[in-house]
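Read through the structure below, which is laid out as structure tokens, and then see the notes.
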Amino acid sequence: MTVFPKNFLWGGATAANQYEGAWDVDGKGVSTADLLLGGTYDKPRTFTKEVKPGAYYPSHQGSDFYHHYKEDINLLAGMGYKTYRLSVAWTRIFPNGDETEPNQKGLEFYRDVFEECHKYGIEPLVTISHYEMPYHLTEAYGGWGSRKVIDFYVKYAETLFKEYKGLVKYWLTFNEINIGMMFGGYMSLGLPIKDGAAPFNPEMSDEDIQNNLQGLHHQFVASALAVKIGHKINPDNMIGCMIAGNVNYPLTSNPDDVLKAQFANEINNYYCGDVQVRGAYPHFAKRFWADHNVKLNITAEDAEVLKEGTVDYYSFSYYSSNALTTDPSKSEAAGNFSTGVKNPYLKYSEWGWAMDPKGLRWYLNDVYGRYGIPIMVVENGLGARDEVESDGSINDDYRIEYLKGHVEQMKEAIKDGVDLIGYTPWGCIDLVSAGTGQMAKRYGFVYVDRDDDEKGDFSRKPKKSYYWYKKVIESNGEEL
Ligand code: BG6
């Protein structure tokens, strides 16, 4: 008997705009992600209203999965994957978002990908929208700020459910939906931004909060409608939410720090989780809205839809934790998605992310205690630079150590009684970073020969971690 259940879904995860490339091939339209330039740790990515000739847009080539999918799925199968989480590029199916008929070439591509997965017994797990949408919807409608976008999304989701009935059973409606309420106005909600602006906006005014929360409300309604339709088309469909898992610790036992951390966990995790799992906004939402002068347009019909369209399982990403304090003399931690101050008990990655496997156990217990439905960890991993040795090997022991620690903590959580059903580490084959747009920040078990100067031939090579993870899967998490 192993601690992990017999049918545990071991796998890995990618997203179209960071991985597929072929950004303008076979009728694909321009997505919001296609207009983001590459950045670095110190230099934020920026948005351009039009594609500038000669400039570097990482999504345009990604890791060229579009032309490597057979090889890549074969590599995943080589590790014994049971599931593969990938996203569909909305712009391959509806290039502008508001067409009446889908693009057949786009539909064919994903059909081929899903069939290839099934050849090896790999169950696809599909994110319907991962940090991108047709840019036309931003320009012509104002992105998720508009209610009309709900209908476009629902039509897109319905097309996928019908087209891939029998091929795809596991779905996620939106990637890290809670990033929309934090700083992802453009990235997550497709809200218009100025030419040259960064896609993340950490300094949000009350007006920004109003706009983001209204956009987010539209996403909640769209997600709930998609859940309802997805179940109608195929009652076997398992449709989940996906939250960026935020673990916020108080830096000290000062009650002010404790309250600050509690508030951060509520706002960052439960605001969205409660709507999608419980079907209603949580108790603290009203005060939050009042404190920021937010007035949401929520119709009686919306409230009904939210209640009816709750998800079948809860999924989340987990990379690191934050330590929060009310003491202004403490320095801010670095890291493009991190908030708070340095936690003296933890080590940090080169990109400033705290490495904290125990935070994962904490989060699993916390969320399972609140919702009591099956849970999947659909992203986790260490973004790091990899060296190719002179003999061609890539010895990523740091990645193995990071992942091992997290698998151990998942095991503890299962022993605690959490109903954990799957684990798909992020960027299983190297891909472009969402935060910085860099290729240098690698997560994969498989190395892709491509760098930030656009050099490399996209050839693939398993790293040391590839063989480690294969053993983990083979032994159902016993051999770490
Ligand atoms: C999650 C996203 O936030 O974190 C992924 O869902 C992203 O798209 C991942 O790639 C890691 O972040 P980054 O910035 O290192 O790519």
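Would you point out which residue out of Tyr443, Tyr423 is open to solvent by less than 10 Å² (accessible area, probe 1.4 Å) and modelled with pLDDT of 95 or more? Step through it out loud before you land on a result.
Values: Tyr443 fails: open to solvent by less than 10 Å² (accessible area, probe 1.4 Å).
That would be Tyr423, the only listed residue that is open to solvent by less than 10 Å² (accessible area, probe 1.4 Å) and modelled with pLDDT of 95 or more.
List, please: which pairs have Cβ atoms under 6 Å, are six or more places apart or on different chains, and start with a residue in the stretch 408-435 that is free of Cβ contacts under 8 Å to residues at least 24 places away in the same chain and within 16 Å of the ligand (Cβ to nearest atom) and end with one that is open to solvent by less than 30 Å² (accessible area, probe 1.4 Å) and part of a strand (DSSP E or B)?
Between residues of the stretch 408-435 that are free of Cβ contacts under 8 Å to residues at least 24 places away in the same chain and within 16 Å of the ligand (Cβ to nearest atom) and residues that are open to solvent by less than 30 Å² (accessible area, probe 1.4 Å) and part of a strand (DSSP E or B), there is no close pair.
Got at least one residue in the stretch 124-133 being among the hydrophobic types (A, V, I, L, M, F, W, C), in contact (Cβ under 8 Å) with a residue 24 or more places away in the chain and part of a strand (DSSP E or B)?
In the first step, residues of the stretch 124-133 are kept if they are among the hydrophobic types (A, V, I, L, M, F, W, C); the result is 125-126, 128, 133.
In the following step, the residues that additionally are in contact (Cβ under 8 Å) with a residue 24 or more places away in the chain were identified as 125-126, 128, 133.
Now narrow it down to the ones that are part of a strand (DSSP E or B): 125-126.
So far as the stretch 124-133 goes, yes, one or more of its residues are among the hydrophobic types (A, V, I, L, M, F, W, C), in contact (Cβ under 8 Å) with a residue 24 or more places away in the chain and part of a strand (DSSP E or B).
Out of (1) outside any loop (DSSP other than H, G, I, E, B); (2) buried (at least 24 other Cβ atoms within 10 Å of the Cβ), what's the single condition that is false for Glu158?
(2)
Do any residues in the stretch 175-193 that are without any contact (Cβ under 8 Å) to a residue 60 or more places away in the chain and within 16 Å of Glu379 (Cβ to Cβ) have Cβ atoms under 6 Å from those of residues that are buried (at least 24 other Cβ atoms within 10 Å of the Cβ) and hydroxyl-bearing (Ser, Thr, Tyr), where the two are at least six apart or on different chains, and which pairs are they?
That search, which allows pairs on different chains as well, returns nothing.
Let me confirm something: among Tyr398, Tyr368, Tyr402, which residue is more than 14 Å from the ligand (Cβ to nearest atom), crowded, with 16+ Cβ neighbours inside 10 Å and in a helix (DSSP H, G or I)?
Values: Tyr398 fails: crowded, with 16+ Cβ neighbours inside 10 Å; Tyr402 fails: more than 14 Å from the ligand (Cβ to nearest atom).
Criteria check complete, one pass: Tyr368.
What is the residue count in the stretch 165-198 for residues that are surrounded by fewer than 21 Cβ atoms within 10 Å (Cβ to Cβ) and under 27 Å from Leu9 (Cβ atoms)?
4
I'd like the residue in the stretch 241-259 that is more than 17 Å from Ala354 (Cβ to Cβ) and more than 16 Å from the ligand (Cβ to nearest atom) and, out of all such residues, is surrounded by the most Cβ atoms within 10 Å (Cβ to Cβ). So that I can check it myself, show each step before the final result.
First, the residues of the stretch 241-259 that are more than 17 Å from Ala354 (Cβ to Cβ): 241-243, 253-256, 258-259.
The next check asks that each one be more than 16 Å from the ligand (Cβ to nearest atom); those that pass are 253-256, 258-259.
Numbers: Ser253: 7, Asn254: 13, Pro255: 10, Asp256: 13, Val258: 16, Leu259: 13.
Out of the qualifying residues, it is Val258.
With the condition kept exactly as written, say whether any residue in the stretch 427-439 is surrounded by fewer than 22 Cβ atoms within 10 Å (Cβ to Cβ) and either aromatic (Phe, Trp, Tyr) or assigned to a helix (DSSP H, G or I) (or both). Show your work before the answer.
Filtering the stretch 427-439 down to residues surrounded by fewer than 22 Cβ atoms within 10 Å (Cβ to Cβ) leaves 435, 438.
If we keep only those that are either aromatic (Phe, Trp, Tyr) or assigned to a helix (DSSP H, G or I) (or both) as well, we get none.
The answer is no; no qualifying residue exists.
Checking the condition within 26 Å of Ser315 (Cα to Cα), open to solvent by 40 Å² or more (accessible area, probe 1.4 Å) and not polar (S, T, N, Q), which residue from Arg111, Arg85 passes? Steps first, please.
On the way: Arg85 fails: open to solvent by 40 Å² or more (accessible area, probe 1.4 Å).
Step by step, each of Arg111, Arg85 is checked, and only Arg111 is within 26 Å of Ser315 (Cα to Cα), open to solvent by 40 Å² or more (accessible area, probe 1.4 Å) and not polar (S, T, N, Q).
Inside the stretch 199-209, can you point out the residues that are surrounded by fewer than 18 Cβ atoms within 10 Å (Cβ to Cβ) and not charged (D, E, K, R)?
First pass over the stretch 199-209, keeping only residues surrounded by fewer than 18 Cβ atoms within 10 Å (Cβ to Cβ): 202-208.
Once the filter is applied, which keeps residues that are surrounded by fewer than 18 Cβ atoms within 10 Å (Cβ to Cβ) and not charged (D, E, K, R), the stretch 199-209 yields Pro202, Met204, Ser205.
Sort out which residues of the stretch 440-466 are more than 21 Å from the chain's Cα centre (by Cα) and assigned to a loop (DSSP other than H, G, I, E, B), and write them in order of number. Spell out the reasoning first.
Going residue by residue through the stretch 440-466, those that are more than 21 Å from the chain's Cα centre (by Cα) are 449-466.
Within the stretch 440-466, Asp449, Arg450, Asp451, Asp452, Asp453, Glu454, Lys455, Gly456, Asp457, Phe458, Ser459, Lys463 meet the criteria.
This table checks each residue for (1) touching a Leu at 6+ places or on another chain (Cβ under 6 Å); (2) at pLDDT below 95; (3) under 19 Å from Ala244 (Cα atoms); (4) within 16 Å of the ligand (Cβ to nearest atom).
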residue	(1), (2), (3), (4)
Ala157	no, no, no, no
Tyr164	no, no, no, no
Gly185	yes, yes, yes, yes
Leu189	no, no, yes, yes
Ile229	no, no, no, no
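Scan the stretch 293-346 for residues that are at pLDDT 95 or above, open to solvent by 80 Å² or more (accessible area, probe 1.4 Å) and under 29 Å from Cys428 (Cα atoms) and jot them down.
Tyr345
Every residue in the stretch 378-395 that is more than 16 Å from the ligand (Cβ to nearest atom), open to solvent by 20 Å² or more (accessible area, probe 1.4 Å) and touching a residue at least 24 places away in the same chain (Cβ under 8 Å), please.
Start the filter on the stretch 378-395 by keeping residues that are more than 16 Å from the ligand (Cβ to nearest atom), which leaves 387-395.
Right, trim to open to solvent by 20 Å² or more (accessible area, probe 1.4 Å) and you get 387-391, 393, 395.
Within the stretch 378-395, Val388, Ser393, Asn395 qualify.
Sort out which residues of the stretch 39-56 are part of a loop (DSSP other than H, G, I, E, B), under 24 Å from Gly352 (Cα atoms) and open to solvent by less than 20 Å² (accessible area, probe 1.4 Å), and write them in order of number. Step through it out loud before you land on a result.
In the first step, residues of the stretch 39-56 are kept if they are part of a loop (DSSP other than H, G, I, E, B); the result is 39-46, 48-56.
Filter once more, so that each one left must be under 24 Å from Gly352 (Cα atoms): 39-46.
Those that are part of a loop (DSSP other than H, G, I, E, B), under 24 Å from Gly352 (Cα atoms) and open to solvent by less than 20 Å² (accessible area, probe 1.4 Å): Gly39, Arg45.
Being open to solvent by 10 Å² or more (accessible area, probe 1.4 Å), on the phi < 0 side of the Ramachandran plot and in contact (Cβ under 8 Å) with a residue 12 or more places away in the chain is the filter here; which residues of the stretch 446-472 pass it?
Initial filter on the stretch 446-472 (open to solvent by 10 Å² or more (accessible area, probe 1.4 Å)): 447, 449-462, 464, 466-468, 470-471.
With on the phi < 0 side of the Ramachandran plot added as a condition, the list becomes 447, 449-453, 455, 457, 459-462, 464, 466-468, 470-471.
Across the stretch 446-472, the qualifying residues are Tyr447, Asp449, Arg450, Asp451, Asp452, Arg460, Lys461, Pro462, Lys464, Tyr466, Trp468, Lys470.
Among all residue pairs at least 6 apart or on different chains, which show Cβ distances below 7 Å where the first residue, located in the stretch 15-27, is within 10 Å of the ligand (Cβ to nearest atom) and the second is in a helix (DSSP H, G or I) and of a type outside the set (Val, Ile, Thr)?
Sorted first by the residue in the stretch 15-27, then by its partner, the pairs are Asn17/Ala33; Asn17/Ser59; Gln18/Ser59; Tyr19/Phe65.
The values are calculated or read from the model by the stated rules, or taken from the named source; none is laboratory data. Here the structure is a predicted model, which means the values were calculated and not measured. Note: ideal-geometry Cβ built from the backbone for every residue, glycine included; neighbour counts use all protein chains shown. Note: accessible area is taken over every heavy atom of the protein model, side chains too, but ligands, DNA and RNA are not part of it. Shrake-Rupley method; radii C 1.70, N 1.55, O 1.52, S 1.80 Å.
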